[in-house]
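Report on the structure given below.
The values are calculated or read from the model by the stated rules, or taken from the named source; none is laboratory data. Note that the structure is predicted; figures quoted are calculated from it, not measured. Neighbour counts run over all protein chains shown; Cβ positions are idealised from the backbone, glycine included.
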Amino acid sequence: MRILAINDISCVGKCSLTVALPVLSACGATVDILPTALLSTHTGGFTGYTFLNLDGEMAKICDHWETLGLKYDVIYSGYLGSKQQIEFVKSVKRRFLKEGGKFIVDPVLGDNFKFYAGFDEDFAKGMLSLCAEADYILPNETESFLLTGERDFAKALKILKAACPHPVITGADCADGYFLYYFDEKEERMPLIKVDGNYHGAGDVFASAFAGCIGGGLSMREALSLTAEFCYRSILRTKAEVPDRKYGMNYERELYILADKFGGKSETVQ
Ligand code: PXL
């Protein structure tokens, strides 16, 4: 299974591609990357970070790839560095997704009911148009609100479903519990255990694991349930081990959950 991960490289802070690579690899995927921006750290909680937009480079990289005839089973996109990149990622899907392949969009926009630095309403509109090209979208509760203007999760899910066949709201805090809201063949809710606190990078850990599980052939429900278990354990570990949450999640020693599912003895190795 070959996956293309389109996301930024935040050198410090464990999110985006530095998370996608190990998590997707643990799911047995061959991972290629298309970096959208290069930052010294992510933008959530650090100050003074560097930011290099890679718009021009992305176009050149893809032109080269076309000469190699590359095609992907899954294309998974996350943080985009500019509005132009939204249109560019649509063209990447057209050029490089295999017939019958899956396009998974994590519409990275914000958290805690605020946009991340550099994003606004106009960017959210563009992101919704990218969601309309996806098979699966993975907004958190803030992104679900920024995309739909709706705080009620059942209503937001309906609006998202009009854009994309399989939306997942990745952490819906409701009066009667904490849930994944998603649409597979019908609207469903999967209960989650809520751990107090804010865990930077949790969305990337979730989206990467889900993309790996879908690429690995699991059904949507199986993929969500394994992803939820992996995230829950990683969050518990992070809560215990990482005092400064802007440094991201300690998910590494939970990767075995994915590797156990997707690993196996090679027939060529005795
Ligand atoms: O985790 C989402 C994310 C990805 N990439 C960058 C970010 C953030 C969130 O803050 O700043 C650069």
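Rundown of residues vs (1) in a helix (DSSP H, G or I); (2) within 16 Å of the ligand (Cβ to nearest atom), yes/no style:
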position: Gly197; (1), (2): no, yes
position: Gly203; (1), (2): yes, yes
position: Leu226; (1), (2): yes, no
position: Pro243; (1), (2): no, no
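Within 15 Å of the ligand (Cβ to nearest atom), within 14 Å of the chain's Cα centre (by Cα) and hydroxyl-bearing (Ser, Thr, Tyr), is that true of Ser208?
Considered against the rule, which asks whether it is within 15 Å of the ligand (Cβ to nearest atom), within 14 Å of the chain's Cα centre (by Cα) and hydroxyl-bearing (Ser, Thr, Tyr), Ser208 comes out as yes.
Six or more apart or on different chains, Cβ under 7 Å: which pairs go from a residue in the range 213-229 that's of a type in the set (Gly, Ala, Ser) to one that's modelled with pLDDT of 95 or more and part of a helix (DSSP H, G or I)? Could you list them?
Close Cβ pairs (under 7 Å, with a partner that is modelled with pLDDT of 95 or more and part of a helix (DSSP H, G or I)) amount to Gly216/Phe262; Ala223/Phe210; Ala223/Cys213; Ala223/Ile214.
When the residues of the range 106-143 are filtered to those that are of a type in the set (Ser, Thr, Tyr) and more than 15 Å from the ligand (Cβ to nearest atom), which remaining residue is surrounded by the most Cβ atoms within 10 Å (Cβ to Cβ)?
Restricting to residues being of a type in the set (Ser, Thr, Tyr) and more than 15 Å from the ligand (Cβ to nearest atom), the top hit is Tyr136.
If you check Ile193 against the conditions, is it touching a helix residue (DSSP H, G or I) at 6+ places or on another chain (Cβ under 7 Å) and under 27 Å from Met1 (Cα atoms)?
No; evaluated as a whole, the condition is false for this residue.
Looking at Thr47, Thr148 in this structure, which one is free of Cβ contacts under 8 Å to residues at least 24 places away in the same chain and closer than 28 Å to Glu185 by Cα?
Step by step, each of Thr47, Thr148 is checked, and only Thr148 is free of Cβ contacts under 8 Å to residues at least 24 places away in the same chain and closer than 28 Å to Glu185 by Cα.
Could you list all residues from the range 122-145 that are part of a helix (DSSP H, G or I) and within 29 Å of Phe96 (Cα to Cα)?
If the condition is that a residue be part of a helix (DSSP H, G or I) and within 29 Å of Phe96 (Cα to Cα), then Asp122, Phe123, Ala124, Lys125, Gly126, Met127, Leu128, Ser129, Leu130, Cys131, Glu143, Ser144 are the ones that fit.
At least 3 residues that are more than 13 Å from the ligand (Cβ to nearest atom) and under 19 Å from the mean Cα position of the chain (by Cα) in each: list the strands (runs of 3 or more DSSP E) lying fully within the range 27-86 that qualify.
30-41, 72-77
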